[in-house]
């Protein structure tokens, strides 16, 4: 009996390059992706083509986007591609996949997780108001749907995406009222170190900031105590700079603090996790070859730790080469070493970015009691603080059990980081000491009407 | 008043749907979220506080934009393509 096919989860930059590398070695992977078309979030495509060309959609990254889309299209008859499909569980070498209204249990031999990331958020007052979206969400509206989230938009938070999305809105003709960066201006000096490692990226970021400023966009650094205000929808932002409180009217807000890895499937696959200081999060352990602690399970792209799209392409290929080696197939060791060198260099640049856009660690001590931390079930900071003290909690899953934080529909994707930070501060320890939320299948809501079907081996 | 403002695709084919019983037009290529938010400023109300919600991540991660269709089916608006004849009820908890 022939061996089952390798399974690649995700068709963004990592998943596409992984699939391509497997195909080159003569394997026929199954690629499962939630989106209707390949590209991931960064190279996501509109549902139907519109009047904008690749340059308008992807800016300086248009060439990379087109090459990735083209590479995946060229694989069409040599892979199995299930778009609009969700791997909702992993168990005993099988993946439960929701696709076309049914749930298929698919045996795999070799699993490459390329599950990507979404925005990391720390809750602020008003963050559940209509008109407030993540930075990534604001970008999806613009690029994939051709819509602006408002007519006078404020972008707040931190990280490279803050300036990129603000600039994309500006270029699209939308009024950008302000860019409010939580990172102090002094932290930007670290970018000078980045010039040697990734000059094009640093210079591009500086150009974004300069063009925003030239076009009258208010740029502020070191902002804190961000609050989003409005009745029924967002109508303004309030923040503090030192002792000074400031306010602006707006009708749309994009907010985010860098990204967080999507790690649920690695957890369900049984991968060991370790705290990563740079990402300030527990991540699946992996070596430089993208192997996890579980034999036959590989992880690549932002789902393994935030490193960006270029790194994702390299890591996807590296993961596939590891899979090939473990299967006893030709695996291009020189190419693998080259990929690892390039990834290490990007890793050093990531260190620079993290220093230039530091995590606002003071958030947990400052967040007001009435702020909603869990937007699914509206659990407040007060409820979390009370739970910690009333039940003498020191571990995040116990806090979940008592307060329901992380138990809502998003399963902690948007409150988990905040809850861990709060628990750490309340118990006087580092965030690495409070543990991580365990993942539960299904990793996203699936309808109970899904019909089970055992796929052919 | 709408939350979203179109800057592309305005000339795409109209797709008719019902929003709280009112006939509306989206555009070919819209997600359900886009179709709703180019007309109104919320997709549902919170089960807990009754406060309006309009989605957040737009990439199928936060689960904030689940909406109820008139036939009782619930769908995540940001990952559901708009289809002609859909009937959405925004006042209901979803």
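Here are a few things to note about the model shown:
- Spin-label pair residue A:238-residue B:6: with each label point 7 Å from Cα along the Cα-Cβ axis, the two points sit 3.7 nm from one another.
- Extending 7 Å from the Cα toward the beta-carbon at both residue A:218 and residue A:74 defines two label points whose distance is 5.0 nm.
- Residue exposure sequence - A:16, A:48, B:15 - by fewest surrounding Cβ within 10 Å: A:48, B:15, A:16
- Note on A:288, A:380: ascending count of other Cβ atoms within 10 Å places them as A:288, A:380, the fewest first.
- FRET efficiency, residue A:277 to residue B:16 (Cβ-Cβ, R0 41 Å, nearest 0.05): 0.20
- Estimated D of the protein assembly as shown in µm² per second, where Rh is the Kirkwood radius over Cα pairs and Stokes-Einstein applies at 10 °C, 1.306 mPa s: 67
- Computed on segment A:332-457, with alpha-carbon pairs under 8 angstrom and 6+ residues apart, the relative contact order is 20 percent.
- Residue A:344-residue A:395 pseudo-label distance in nm [points 7 Å out on the Cα-to-Cβ vector]: 3.8
- The angle between the Cα long axis of helix A:333-356 and the main principal axis of chain A comes to about 10°, on a 0 to 90 degree scale.
- Between segment A:274-336 and segment A:136-182, the C-alpha centres lie 31 angstrom from each other.
- Backbone N within segment A:67-99 under 20 Å of label point (7 Å from residue B:71 Cα along the Cβ vector): A:99
- Rounded to 10°, Cα long-axis angle of helix A:135-145 versus longest principal axis of chain A: 60
- For residue A:293 and residue A:49, the difference between the fully extended length at 0.36 nm per residue and the C-alpha to C-alpha distance is 83.7 nm.
- Crossing angle, helix A:199-214 versus chain A [Cα axis fit, 0-90 degrees, rounded to tens]: 40
- MRE, 222 nm, helices only [DSSP H, n ≥ 4, -39500 (n - 2.57), over chain A, to nearest 500]: -10500 deg cm²/dmol
- Contact order, relative form, for segment A:244-348: 20 percent (alpha carbon pairs under 8 Å, 6 or more residues apart, mean separation divided by residue count).
- For segment A:121-257, the relative contact order is 38 percent, taking Cα pairs closer than 8 Å that sit 6 or more residues apart in sequence and dividing their mean separation by the residue count.
- For residue A:370 and residue A:56, the FRET efficiency from 1/(1 + (r/R0)^6), where r spans their Cβ atoms and R0 equals 41 Å, is about 0.45.
- Per residue Cα convex hull volume in Å³ - calculated over chain B: 89
- Put in line by how crowded their Cβ is, counting other Cβ atoms within 10 Å and starting with the fewest, A:334, A:102, A:432, A:313 read A:334, A:102, A:432, A:313.
Throughout, read-outs are computed from the coordinates displayed, never taken from laboratory work. Being a predicted model, the structure only gives us computed values, none of them experimental. Virtual Cβ from ideal backbone geometry, glycine too; neighbours counted across all protein chains shown.
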